[in-house]
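These notes concern the structure reproduced below.
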Amino acid sequence: MNKKNLISITDFSKEEYLKIMELSRYFEENPNQSLLKGKVIATLFFEPSTRTRLSFETAISRLGGKIIGFSDSNSSSVSKGETLHDTIKMVSNYADLIIMRHPLEGSARYAAEVSDVPVINAGDGANQHPSQTLLDLYSIMKTQGKLDNINLFLVGDLKYGRTVHSLLMAMSQFENPIFNFVAPPELAMPDEYKLFLRQKGIRYFEHLEFNDIINQADIIYMTRVQKERFIDPVEYEKVKNVYILKNEMLAQTKPNMRILHPLPRINEIHTNVDSNPKAYYFTQALNGVYTRMAIISHLLNLK
Amino acid sequence: MQKQLNVSAIKDGTVIDHIPTKVLFKVIQILKLEDFPNTITFGNNLDSKVLGKKAIIKIANRYFEDEEVNKIALVAPNAKLNTIRNYEVVEKRVVKIPEEIVGIVRCFNPKCITNAENIPTRFQIINEKSIEMKCHYCEKITNENEIRIK
Ligand SMILES: [Zn+2]
């Protein structure tokens, strides 16, 4: 039997996205499971990411599995100079599935080649973080009742933000999406993604600000504009308040519109938005547990 | 012979012609010629109608499969291979860039796992005209100006 992995969002077909959506819903309705009874799951965090690790470990616990692993490389043999190859070889003998986060790009793809058991990429440097994208899809599905015909606003750092790139790739699998890119020129969506959309005949629009057009959105996906990304600090000062979402801006937005954010938030969503029913980012994070339960079950052929 | 080359002729073997002068040593590296026991002669900055100046390599008593030699298309896309038997050119071939490049080129991304551990690199050629290749691991694109031989 062929071993399945989840390394990049493009590893999954549209059918698999839909299966993950269906399973996520099932686990949300039935969160306490024993599908992983007698199974051991390794969570190898070569760099710390408490948020992602807790989400995965909650998912494993809800499925009734046992967890081995480490939460940063200082507490593991890695700090003694063991290669990634050897760590993965050893752990794949112990565990039924490996979830890993690593600062180097391509590390998860390589680990999947070395490992005899499935590997889930929980972030490889700036490259991929596919479980985030699947929980984003599930959040869109839950709030809109569909993944087709969605008008999606991507706001903030569209150049370096891997979550927006992966979300773009995933949503382009569905019928008739419209993308609105809202970013300063320094952080605009890279050409390769725009070319990809043009080749697929998918509509996109680019904007420097979004106050006047926000009422078209079904989903507003916010990301952080970081000062370090700007060569010229003056440019940052000019734009830093343009990409902040405030409650006053939401008055004319569609009733079905929801605001997503991969979290952690710094200041790009004003706290006065939090109590607005259109703020969805905290529920979005909770959705991650169900989506991760779905991914694990799917890769191990348990459901 | 009117059109005599500045590099002495070989009786049997392979002549690799039309190599851009600045990549001669990269071609030598890619083909791992330093490991060959054969007699090898090469010339650089020779006059060429096509390239202005060119390099040429002659390897005595050695013949190449396409798979082995096509790798040099990465740096010398117009290189020509002449198979020589008894001083005669018996076959002319052009190199063709392979779809996948394994274990020759470094990934330009310093944060790529292939630059941290001893892993053969793997690239998919996504643009043949001006070389662009996508790393199988980090998914970043290395272009022709960034090509460094491993
Ligand atoms: Zn790479």
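The values are calculated or read from the model by the stated rules, or taken from the named source; none is laboratory data. Quick caveat: nothing in here was measured; it's all calculated off a predicted structure. Glycine gets a Cβ as well: all are built from the backbone with ideal geometry, and neighbour counts include every protein chain shown.
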Just to be sure I understand the filter: pairs with C-beta atoms under 7 Å, separated by 6 or more residues or on different chains, first member in region A:11-34 and in contact (Cβ under 8 Å) with a residue 40 or more places away in the chain and in the same structural domain as A:PRO118 (by TED's automatic domain parsing), second member among the β-branched types (Val, Ile, Thr) and surrounded by 19 or more Cβ atoms within 10 Å (Cβ to Cβ). Which pairs pass? A:ILE20/A:THR291; A:ILE20/A:ILE295; A:SER24/A:THR291
Here are some conditions: (1) free of Cβ contacts under 8 Å to residues at least 24 places away in the same chain; (2) farther than 17 Å from B:GLN29 by Cα; (3) assigned to a loop (DSSP other than H, G, I, E, B); (4) not basic (Lys, Arg). B:PRO120 meets all but one. Which one does it not meet? (2)
Filtered residues of region B:127-141 (kept if at the interface with chain A (Cβ under 10 Å from one of its Cβ atoms) and either part of a loop (DSSP other than H, G, I, E, B) or more than 11 Å from the ligand (Cβ to nearest atom) (or both)): B:HIS136, B:TYR137, B:CYS138, B:GLU139, B:LYS140
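Results for (1) in contact with a Pro (Cβ under 9 Å, 6 or more places away or on another chain); (2) in contact (Cβ under 8 Å) with a residue 24 or more places away in the chain; (3) among the aliphatic types (A, V, I, L, M), shown as yes or no for each residue.
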{"site": "B:ASP47", "(1), (2), (3)": "no, no, no"}
{"site": "B:LYS71", "(1), (2), (3)": "yes, yes, no"}
{"site": "B:ARG106", "(1), (2), (3)": "no, yes, no"}
{"site": "B:CYS112", "(1), (2), (3)": "no, yes, no"}
{"site": "B:MET133", "(1), (2), (3)": "no, yes, yes"}
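Can you tell me which residue in region B:91-110 is farthest from the ligand (Cβ to nearest atom), limited to those that are outside any loop (DSSP other than H, G, I, E, B) and crowded, with 17+ Cβ neighbours inside 10 Å?
B:ILE101
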Need the failing condition index for B:LYS150 against (1) in contact (Cβ under 8 Å) with a residue 24 or more places away in the chain; (2) within 16 Å of the ligand (Cβ to nearest atom); (3) over 17 Å from B:VAL23 (Cα atoms), just the number. (3)
Looking only at region A:90-111, count how many residues are surrounded by fewer than 23 Cβ atoms within 10 Å (Cβ to Cβ) and either under 19 Å from B:HIS136 (Cα atoms) or within 16 Å of the ligand (Cβ to nearest atom) (or both). 1
Might you check whether a residue that is surrounded by 18 or more Cβ atoms within 10 Å (Cβ to Cβ), among the acidic types (Asp, Glu) and within 21 Å of the chain's Cα centre (by Cα) occurs anywhere in region A:212-227? yes
Within region B:111-119, is even one residue surrounded by fewer than 16 Cβ atoms within 10 Å (Cβ to Cβ), within 11 Å of chain A (Cβ to nearest Cβ) and either more than 12 Å from the ligand (Cβ to nearest atom) or at pLDDT below 90 (or both)? yes
